[in-house]
Amino acid sequence: MTSATPEETRLAARLREGGFVAAEEEARELLSASRGDRGALETLVRRRLRGEPLAWITGVTRFCGLEVVVDPGVYVPRWQSEELARRAVASLPPDGVGVDLCTGSGALAAVMRRDRPDARVIATDLDQHCVECAQRNGVDARLGDLFAPLPSSWRAAVDVVVTVVPYVPSSELVHLPRDTFAFESTLAYDGGDDGTATLRRVVVEAPRYLRPGGTLLLELGGEQAHTLAEELERQGFDAAETFVDEDGDLRGLQATWRGIEA
Ligand SMILES: C[S@@+](CC[C@H](N)C(=O)[O-])C[C@H]1O[C@@H](n2cnc3c(N)ncnc32)[C@H](O)[C@@H]1O
(Lines give C-alpha, C1' and ligand atoms only; values in the text may rest on other atoms or scores of the structure.)
Protein backbone atom coordinates (compact mmCIF):
# COMPACT_ATOMS: atom_id res chain seq x y z
CA MET A 1 0.00 0.00 0.00
CA THR A 2 1.28 3.53 -0.81
CA SER A 3 2.15 5.76 2.15
CA ALA A 4 -0.35 8.38 3.27
CA THR A 5 -0.14 11.91 1.85
CA PRO A 6 0.21 14.78 4.37
CA GLU A 7 -3.43 15.72 3.70
CA GLU A 8 -4.56 12.15 4.41
CA THR A 9 -2.54 12.08 7.62
CA ARG A 10 -4.03 15.40 8.82
CA LEU A 11 -7.56 14.28 8.00
CA ALA A 12 -7.05 10.89 9.64
CA ALA A 13 -5.86 12.63 12.83
CA ARG A 14 -8.99 14.79 12.83
CA LEU A 15 -11.23 11.76 12.38
CA ARG A 16 -9.38 9.80 15.06
CA GLU A 17 -9.89 12.70 17.44
CA GLY A 18 -13.60 12.53 16.56
CA GLY A 19 -13.64 8.90 17.73
CA PHE A 20 -13.46 7.09 14.39
CA VAL A 21 -11.45 3.89 14.70
CA ALA A 22 -10.82 3.27 10.99
CA ALA A 23 -9.62 6.88 10.58
CA GLU A 24 -6.96 6.27 7.87
CA GLU A 25 -9.32 4.27 5.66
CA GLU A 26 -12.13 6.79 6.10
CA ALA A 27 -9.77 9.69 5.34
CA ARG A 28 -8.83 8.04 2.04
CA GLU A 29 -12.47 7.44 1.12
CA LEU A 30 -13.55 10.98 1.97
CA LEU A 31 -10.67 12.47 0.00
CA SER A 32 -11.53 10.33 -2.97
CA ALA A 33 -15.24 11.29 -2.75
CA SER A 34 -14.33 15.02 -2.66
CA ARG A 35 -12.53 14.70 -6.04
CA GLY A 36 -9.97 17.35 -5.11
CA ASP A 37 -12.56 20.00 -4.13
CA ARG A 38 -11.45 21.38 -0.75
CA GLY A 39 -14.81 23.04 0.01
CA ALA A 40 -16.63 19.80 -0.75
CA LEU A 41 -14.17 17.86 1.40
CA GLU A 42 -14.85 20.07 4.41
CA THR A 43 -18.60 19.51 4.00
CA LEU A 44 -18.12 15.74 3.75
CA VAL A 45 -15.84 15.66 6.81
CA ARG A 46 -18.29 17.69 8.90
CA ARG A 47 -21.11 15.33 7.95
CA ARG A 48 -18.95 12.39 9.04
CA LEU A 49 -17.95 14.07 12.30
CA ARG A 50 -21.66 14.48 13.07
CA GLY A 51 -21.88 10.69 12.80
CA GLU A 52 -23.59 10.30 9.43
CA PRO A 53 -22.78 6.85 7.95
CA LEU A 54 -19.70 6.97 5.70
CA ALA A 55 -21.51 5.15 2.89
CA TRP A 56 -24.19 7.87 2.72
CA ILE A 57 -21.47 10.48 2.33
CA THR A 58 -19.37 8.64 -0.27
CA GLY A 59 -22.47 7.07 -1.88
CA VAL A 60 -21.05 3.54 -1.91
CA THR A 61 -19.86 0.64 0.20
CA ARG A 62 -18.33 -2.75 -0.52
CA PHE A 63 -20.22 -5.96 0.09
CA CYS A 64 -18.87 -9.40 -0.88
CA GLY A 65 -16.39 -7.65 -3.17
CA LEU A 66 -19.17 -5.71 -4.92
CA GLU A 67 -19.40 -1.92 -4.97
CA VAL A 68 -22.92 -1.21 -3.77
CA VAL A 69 -24.63 2.19 -4.15
CA VAL A 70 -26.13 3.31 -0.84
CA ASP A 71 -28.41 6.36 -1.00
CA PRO A 72 -28.83 8.53 2.11
CA GLY A 73 -31.53 7.01 4.31
CA VAL A 74 -30.94 3.46 3.08
CA TYR A 75 -29.57 0.83 5.51
CA VAL A 76 -25.85 0.34 4.97
CA PRO A 77 -25.11 -3.36 4.31
CA ARG A 78 -22.82 -4.83 6.99
CA TRP A 79 -19.90 -7.22 6.59
CA GLN A 80 -21.64 -9.46 9.15
CA SER A 81 -24.28 -10.25 6.48
CA GLU A 82 -21.76 -11.44 3.89
CA GLU A 83 -21.87 -15.08 5.04
CA LEU A 84 -25.65 -15.01 4.60
CA ALA A 85 -25.19 -13.76 1.02
CA ARG A 86 -22.58 -16.46 0.29
CA ARG A 87 -24.93 -19.13 1.61
CA ALA A 88 -27.78 -17.74 -0.50
CA VAL A 89 -25.62 -18.09 -3.59
CA ALA A 90 -24.62 -21.64 -2.63
CA SER A 91 -28.31 -22.58 -2.24
CA LEU A 92 -29.35 -21.02 -5.54
CA PRO A 93 -29.01 -23.26 -8.62
CA PRO A 94 -27.55 -21.53 -11.72
CA ASP A 95 -31.03 -21.26 -13.30
CA GLY A 96 -32.85 -21.10 -9.96
CA VAL A 97 -35.27 -18.71 -8.28
CA GLY A 98 -34.18 -16.52 -5.37
CA VAL A 99 -35.88 -13.98 -3.12
CA ASP A 100 -34.28 -11.30 -0.94
CA LEU A 101 -36.84 -9.86 1.45
CA CYS A 102 -36.20 -6.52 3.21
CA THR A 103 -33.53 -5.81 0.63
CA GLY A 104 -32.49 -2.26 1.60
CA SER A 105 -29.82 -1.28 -0.94
CA GLY A 106 -30.29 -4.65 -2.65
CA ALA A 107 -26.83 -5.84 -1.57
CA LEU A 108 -27.69 -9.51 -1.04
CA ALA A 109 -29.79 -9.74 -4.20
CA ALA A 110 -26.99 -8.04 -6.16
CA VAL A 111 -24.51 -10.68 -4.97
CA MET A 112 -26.93 -13.43 -6.04
CA ARG A 113 -27.29 -11.77 -9.45
CA ARG A 114 -23.53 -11.43 -9.87
CA ASP A 115 -22.80 -15.05 -8.93
CA ARG A 116 -25.88 -16.64 -10.53
CA PRO A 117 -26.47 -14.45 -13.61
CA ASP A 118 -28.96 -16.93 -15.12
CA ALA A 119 -31.09 -17.22 -11.99
CA ARG A 120 -34.21 -15.13 -11.41
CA VAL A 121 -34.00 -12.98 -8.29
CA ILE A 122 -36.63 -10.61 -6.90
CA ALA A 123 -36.11 -8.35 -3.90
CA THR A 124 -38.72 -6.53 -1.83
CA ASP A 125 -38.77 -3.65 0.63
CA LEU A 126 -41.42 -1.51 2.31
CA ASP A 127 -39.46 1.69 1.72
CA GLN A 128 -39.64 3.29 -1.73
CA HIS A 129 -36.15 4.85 -1.31
CA CYS A 130 -34.71 1.39 -0.71
CA VAL A 131 -36.49 -0.04 -3.74
CA GLU A 132 -35.07 2.74 -5.94
CA CYS A 133 -31.58 2.28 -4.48
CA ALA A 134 -31.71 -1.50 -5.04
CA GLN A 135 -32.83 -0.89 -8.62
CA ARG A 136 -29.79 1.37 -9.08
CA ASN A 137 -27.75 -1.66 -8.02
CA GLY A 138 -29.27 -3.64 -10.87
CA VAL A 139 -31.75 -5.55 -8.73
CA ASP A 140 -35.36 -6.36 -9.69
CA ALA A 141 -36.69 -4.69 -6.55
CA ARG A 142 -40.37 -4.26 -5.79
CA LEU A 143 -42.23 -2.19 -3.21
CA GLY A 144 -44.26 -3.99 -0.57
CA ASP A 145 -44.51 -6.06 2.57
CA LEU A 146 -42.32 -9.20 2.68
CA PHE A 147 -43.64 -11.68 0.05
CA ALA A 148 -46.59 -9.54 -1.12
CA PRO A 149 -44.91 -8.12 -4.28
CA LEU A 150 -43.92 -11.57 -5.61
CA PRO A 151 -45.82 -12.97 -8.61
CA SER A 152 -48.26 -15.74 -7.70
CA SER A 153 -46.47 -17.96 -10.26
CA TRP A 154 -43.54 -18.06 -7.82
CA ARG A 155 -45.56 -20.00 -5.25
CA ALA A 156 -43.89 -23.34 -4.45
CA ALA A 157 -41.11 -22.45 -6.91
CA VAL A 158 -38.50 -20.55 -4.91
CA ASP A 159 -35.12 -22.22 -4.23
CA VAL A 160 -33.92 -19.76 -1.63
CA VAL A 161 -35.42 -17.04 0.54
CA VAL A 162 -32.80 -14.88 2.22
CA THR A 163 -33.48 -11.95 4.49
CA VAL A 164 -32.02 -9.45 6.90
CA VAL A 165 -35.24 -8.29 8.57
CA PRO A 166 -35.40 -5.75 11.41
CA TYR A 167 -34.47 -7.97 14.38
CA VAL A 168 -33.33 -5.69 17.19
CA PRO A 169 -35.59 -5.92 20.27
CA SER A 170 -37.38 -2.54 20.66
CA SER A 171 -35.92 -2.00 24.13
CA GLU A 172 -32.36 -2.37 22.76
CA LEU A 173 -32.67 0.24 19.99
CA VAL A 174 -31.17 2.90 22.29
CA HIS A 175 -27.98 0.82 22.64
CA LEU A 176 -27.24 0.84 18.91
CA PRO A 177 -24.10 2.73 17.83
CA ARG A 178 -24.36 6.50 17.35
CA ASP A 179 -24.42 6.40 13.50
CA THR A 180 -27.20 3.87 13.55
CA PHE A 181 -29.49 5.32 16.15
CA ALA A 182 -29.19 8.95 15.09
CA PHE A 183 -29.42 8.49 11.33
CA GLU A 184 -30.86 5.17 10.19
CA SER A 185 -34.58 4.41 10.22
CA THR A 186 -36.11 2.30 12.99
CA LEU A 187 -37.98 0.52 10.16
CA ALA A 188 -34.64 -1.16 9.42
CA TYR A 189 -34.06 -2.28 13.00
CA ASP A 190 -37.12 -2.53 15.20
CA GLY A 191 -38.05 -6.20 15.56
CA GLY A 192 -40.65 -5.74 18.34
CA ASP A 193 -40.50 -7.03 21.93
CA ASP A 194 -37.91 -9.80 21.51
CA GLY A 195 -36.84 -8.80 18.00
CA THR A 196 -38.58 -11.74 16.31
CA ALA A 197 -41.85 -10.14 15.14
CA THR A 198 -40.83 -9.96 11.45
CA LEU A 199 -38.66 -13.10 11.63
CA ARG A 200 -41.73 -15.07 12.73
CA ARG A 201 -43.81 -13.69 9.88
CA VAL A 202 -41.13 -14.79 7.41
CA VAL A 203 -41.04 -18.30 8.89
CA VAL A 204 -44.85 -18.55 8.64
CA GLU A 205 -45.13 -17.09 5.13
CA ALA A 206 -42.08 -18.67 3.45
CA PRO A 207 -43.62 -22.17 2.94
CA ARG A 208 -46.11 -20.65 0.49
CA TYR A 209 -43.24 -19.71 -1.82
CA LEU A 210 -40.47 -22.24 -1.18
CA ARG A 211 -40.28 -25.41 -3.24
CA PRO A 212 -39.90 -28.63 -1.22
CA GLY A 213 -36.24 -28.81 -0.24
CA GLY A 214 -35.87 -25.02 -0.63
CA THR A 215 -33.69 -23.00 1.72
CA LEU A 216 -34.58 -20.30 4.23
CA LEU A 217 -31.73 -18.05 5.39
CA LEU A 218 -32.33 -15.62 8.22
CA GLU A 219 -30.02 -13.13 9.85
CA LEU A 220 -30.63 -13.08 13.61
CA GLY A 221 -28.79 -12.86 16.91
CA GLY A 222 -28.84 -13.52 20.66
CA GLU A 223 -31.38 -16.16 21.65
CA GLN A 224 -33.50 -15.74 18.53
CA ALA A 225 -32.65 -19.09 16.92
CA HIS A 226 -33.84 -20.81 20.08
CA THR A 227 -36.93 -18.59 20.26
CA LEU A 228 -37.89 -19.50 16.68
CA ALA A 229 -37.17 -23.25 16.91
CA GLU A 230 -40.78 -24.29 17.63
CA GLU A 231 -42.24 -22.10 14.89
CA LEU A 232 -39.74 -23.47 12.36
CA GLU A 233 -40.71 -27.02 13.29
CA ARG A 234 -44.44 -26.18 13.14
CA GLN A 235 -44.06 -24.66 9.65
CA GLY A 236 -42.29 -27.75 8.32
CA PHE A 237 -38.63 -26.73 8.40
CA ASP A 238 -35.92 -29.34 8.96
CA ALA A 239 -32.27 -29.26 9.72
CA ALA A 240 -31.97 -25.75 11.11
CA GLU A 241 -28.29 -24.89 11.36
CA THR A 242 -26.99 -21.73 12.96
CA PHE A 243 -23.77 -19.92 12.14
CA VAL A 244 -21.63 -17.25 13.78
CA ASP A 245 -19.79 -14.22 12.39
CA GLU A 246 -16.05 -13.54 12.59
CA ASP A 247 -16.52 -12.14 16.11
CA GLY A 248 -18.04 -15.47 17.17
CA ASP A 249 -21.54 -13.96 17.62
CA LEU A 250 -24.63 -15.83 16.43
CA ARG A 251 -25.52 -14.22 13.11
CA GLY A 252 -27.67 -16.54 11.05
CA LEU A 253 -29.89 -19.56 10.64
CA GLN A 254 -30.25 -21.83 7.63
CA ALA A 255 -33.20 -24.21 7.38
CA THR A 256 -34.64 -26.49 4.71
CA TRP A 257 -38.35 -26.67 4.02
CA ARG A 258 -39.46 -30.28 3.90
CA GLY A 259 -42.47 -29.61 1.73
CA ILE A 260 -45.59 -29.89 3.83
CA GLU A 261 -47.41 -26.66 4.62
CA ALA A 262 -48.70 -26.37 8.20
C1 LIG B 1 -31.82 -4.34 8.47
S2 LIG B 1 -32.30 -3.66 6.92
C3 LIG B 1 -31.55 -4.84 5.82
C4 LIG B 1 -31.27 -4.33 4.45
C5 LIG B 1 -30.45 -5.27 3.55
N6 LIG B 1 -31.02 -6.59 3.47
C7 LIG B 1 -29.03 -5.37 4.02
O8 LIG B 1 -28.66 -6.34 4.71
O9 LIG B 1 -28.25 -4.44 3.73
C10 LIG B 1 -34.00 -4.07 6.91
C11 LIG B 1 -34.79 -3.56 5.72
O12 LIG B 1 -36.11 -4.10 5.83
C13 LIG B 1 -37.07 -3.18 5.33
N14 LIG B 1 -38.34 -3.63 5.91
C15 LIG B 1 -38.76 -3.53 7.20
N16 LIG B 1 -39.95 -4.16 7.35
C17 LIG B 1 -40.27 -4.69 6.13
C18 LIG B 1 -41.37 -5.47 5.64
N19 LIG B 1 -42.37 -5.84 6.44
N20 LIG B 1 -41.36 -5.85 4.34
C21 LIG B 1 -40.37 -5.47 3.50
N22 LIG B 1 -39.29 -4.73 3.90
C23 LIG B 1 -39.25 -4.35 5.21
C24 LIG B 1 -36.51 -1.84 5.78
O25 LIG B 1 -37.02 -0.79 4.98
C26 LIG B 1 -34.98 -2.06 5.59
O27 LIG B 1 -34.58 -1.65 4.32
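The values are calculated or read from the model by the stated rules, or taken from the named source; none is laboratory data. Treat the numbers as computed from the prediction; the structure is a model and nothing was measured. Every residue, glycine among them, receives a Cβ derived from its backbone with ideal geometry; neighbour counts consider all protein chains shown.
For (1) in contact (Cβ under 8 Å) with a residue 24 or more places away in the chain; (2) acidic (Asp, Glu), each residue gets a yes or a no:
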{"site": "219", "(1), (2)": "yes, yes"}
{"site": "222", "(1), (2)": "yes, no"}
{"site": "228", "(1), (2)": "yes, no"}
{"site": "244", "(1), (2)": "no, no"}
{"site": "257", "(1), (2)": "yes, no"}
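For segment 58-70, the criterion of being in contact (Cβ under 8 Å) with a residue 24 or more places away in the chain and away from the ligand (no atom under 13 Å from the Cβ) is met by at least one residue.
Residues in segment 240-248: is at least one surrounded by fewer than 22 Cβ atoms within 10 Å (Cβ to Cβ), aromatic (Phe, Trp, Tyr) and assigned to a strand (DSSP E or B)? Within segment 240-248, one or more residues are surrounded by fewer than 22 Cβ atoms within 10 Å (Cβ to Cβ), aromatic (Phe, Trp, Tyr) and assigned to a strand (DSSP E or B). Does segment 152-165 include one or more residues that are surrounded by fewer than 15 Cβ atoms within 10 Å (Cβ to Cβ), touching a residue at least 60 places away in the same chain (Cβ under 8 Å) and in a helix (DSSP H, G or I)? No, every residue in segment 152-165 fails to be surrounded by fewer than 15 Cβ atoms within 10 Å (Cβ to Cβ), touching a residue at least 60 places away in the same chain (Cβ under 8 Å) and in a helix (DSSP H, G or I).
Of all residues in segment 85-99, those satisfying the criterion of being under 18 Å from residue 62 (Cβ atoms) and in contact with a helix residue (DSSP H, G or I) (Cβ under 7 Å, 6 or more places away or on another chain) are 85, 88, 89. I need the helices (runs of 4 or more DSSP H) fully contained in segment 1-117, keeping only those with at least 2 residues that are under 30 Å from residue 205 (Cβ atoms). Qualifying helices (runs of 4 or more DSSP H): 82-91, 107-115.
Being touching a Phe, Trp or Tyr at 6+ places or on another chain (Cβ under 9 Å), closer than 25 Å to residue 251 by Cα and at pLDDT 95 or above holds for only one residue in 174, 168, 161, 131, and it is 161. For segment 151-169, filtered to residues that are of a type in the set (A, V, I, L, M) and near the ligand (Cβ under 9 Å from one of its atoms), the residue that is farthest from residue 93 (Cα to Cα) is 168. Got at least one residue in segment 205-213 being among the small types (Gly, Ala, Ser) and surrounded by 15 or more Cβ atoms within 10 Å (Cβ to Cβ)? Among the residues of segment 205-213, at least one is among the small types (Gly, Ala, Ser) and surrounded by 15 or more Cβ atoms within 10 Å (Cβ to Cβ), which makes the answer yes.
Just to be sure, is residue 124 among the hydroxyl-bearing types (Ser, Thr, Tyr), in contact with a strand residue (DSSP E or B) (Cβ under 7 Å, 6 or more places away or on another chain) and not in a loop (DSSP other than H, G, I, E, B)?
Spelling it out, residue 124 is indeed among the hydroxyl-bearing types (Ser, Thr, Tyr), in contact with a strand residue (DSSP E or B) (Cβ under 7 Å, 6 or more places away or on another chain) and not in a loop (DSSP other than H, G, I, E, B).
Go over the candidates 139, 97 one by one and state the one that is at pLDDT 95 or above, away from the ligand (no atom under 15 Å from the Cβ), over 28 Å from residue 223 (Cα atoms) and of a type in the set (Val, Ile, Thr). Result of the check over 139, 97: 97. Tallying residues that are assigned to a loop (DSSP other than H, G, I, E, B) and of a type in the set (D, E, K, R) within segment 127-151 yields 3.
With respect to the conditions (1) within 19 Å of residue 99 (Cβ to Cβ); (2) assigned to a helix (DSSP H, G or I), residue 172 lacks only one, and its number is (1).
Here is a yes/no grid of residues against (1) free of Cβ contacts under 8 Å to residues at least 24 places away in the same chain; (2) more than 10 Å from the ligand (Cβ to nearest atom):
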residue	(1), (2)
132	no, yes
144	yes, no
149	no, no
174	yes, yes
188	no, no
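Within segment 190-230, the set of residues being more than 16 Å from the ligand (Cβ to nearest atom), outside any helix (DSSP H, G or I) and among the polar types (S, T, N, Q) comprises 215 only.
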